[in-house]
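Take a look at the structure below.
The values are calculated or read from the model by the stated rules, or taken from the named source; none is laboratory data. Only a predicted model underlies this, so the values are computations on that prediction, with no experimental measurement involved. All Cβ positions, even for glycine, are placed from backbone atoms using ideal geometry, and neighbour counts span all protein chains on display.
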Amino acid sequence: MKLSKIKQTAIAGFAALALLSGCAKSDFEKRKDLEKIVLSESPKNQVVMFGESHNEYRRDNDFVIGLLPGLKKQGFEYFAVELTGKQSGSNMAQLSKIFKDYLLGLTTKEDITEEKYLFSLEELEVYTTGWLDLLAKAKETGMKIVFYDADHYEYSSFNHRDEIAFKNLREIIFDKDPGAKVVIYCGRRHINEKEAYDKDVAKWEEESGLDKLDKDKKFKSVAYHLNLYTQGKLLTVSLKGSDKYVKYCDIDLDLDNNKCLRNKPKDYGGK
């Protein structure tokens, strides 16, 4: 029995759609492709820095959680996070204490309350939705966890803050273990590998009473210092995607759409 041309066309169309849908990648597969991009470049480097968004903890944390076992297999023994190791009355130190207590088994998620840790529930929610799981995964993989950031009482400018943060990383890790392979998780502004003027940093410094970062004074991030220290053996990964604050990074990932917008280590393309 012969099929009409209309039926033949319809069947061919359905077959084409089925073929296309079979070829289309799921979000899970796309996310795995992004992981492969990072894991293909990380073995060439001593330090891998992930630049996260302070308002997207869950999204960014989950992506890095998925990468930690692979990075550990590649020899990355340290996981350094943008928290302070100092003990003081500052908000930063009090926040860091939450994570120290959690890692030591002194508190649980249920125990983290405003009454116990002097933070608003909203502030706690922002951090604990992702960071606790991230640090727990790093501990589970056997990584040594380092809190390296400057305390709020220590710095007089944002340049000074990143200088102290780099100094802490050097003293805690590299002075004792020069060949250590380190994963760093921090705010995305800290992963620019080249110095650059940042008008928002200048504005914040002025509003907070810190030394003003004027047009002739460029911001030198932790990544700037690490890139020099490791002689270029640094991989910087932005998790934001087309971020105006990250001009000089190696890999630019858009996690919202599971796309790699840039994968050109040390070739910034004039950005």
Pair list, Cβ under 6 Å, 6 or more apart: region 153-175 residue closer than 17 Å to residue 93 by Cα, other residue modelled with pLDDT under 95 and in a helix (DSSP H, G or I): 155/161
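This table checks each residue for (1) at pLDDT 90 or above; (2) touching a Phe, Trp or Tyr at 6+ places or on another chain (Cβ under 6 Å).
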site: 189; (1), (2): no, yes
site: 198; (1), (2): no, yes
site: 221; (1), (2): yes, no
site: 233; (1), (2): yes, no
site: 244; (1), (2): no, no
site: 252; (1), (2): yes, no
Looking at 7, 25, 36, 2, which is the one that is assigned to a helix (DSSP H, G or I) and either among the β-branched types (Val, Ile, Thr) or at pLDDT below 95 (or both)? 7
How do the pairs read when you match residues in region 31-50 that are surrounded by 14 or more Cβ atoms within 10 Å (Cβ to Cβ) with residues anywhere that are of a type in the set (Phe, Trp, Tyr) and in a strand (DSSP E or B), using Cβ under 7 Å and keeping only pairs 6 or more apart or on different chains? 50/185
Is it the case that region 133-141 has a residue that's surrounded by fewer than 17 Cβ atoms within 10 Å (Cβ to Cβ), among the small types (Gly, Ala, Ser) and more than 30 Å from residue 255 (Cα to Cα)? no
Of 116, 109, the only residue that is touching a residue at least 12 places away in the same chain (Cβ under 8 Å) and among the basic types (Lys, Arg) is 109
Any idea which of (1) surrounded by fewer than 18 Cβ atoms within 10 Å (Cβ to Cβ); (2) at pLDDT 95 or above; (3) small (Gly, Ala, Ser) is the one residue 105 doesn't satisfy? (2)
Any idea how many residues of region 61-101 are under 11 Å from residue 134 (Cβ atoms), among the aromatic types (Phe, Trp, Tyr) and in contact with a Lys or Arg (Cβ under 9 Å, 6 or more places away or on another chain)? 2
Residue 87 fails exactly one of the following numbered conditions: (1) at pLDDT below 95; (2) closer than 24 Å to residue 226 by Cβ. What is the number of that condition? (2)
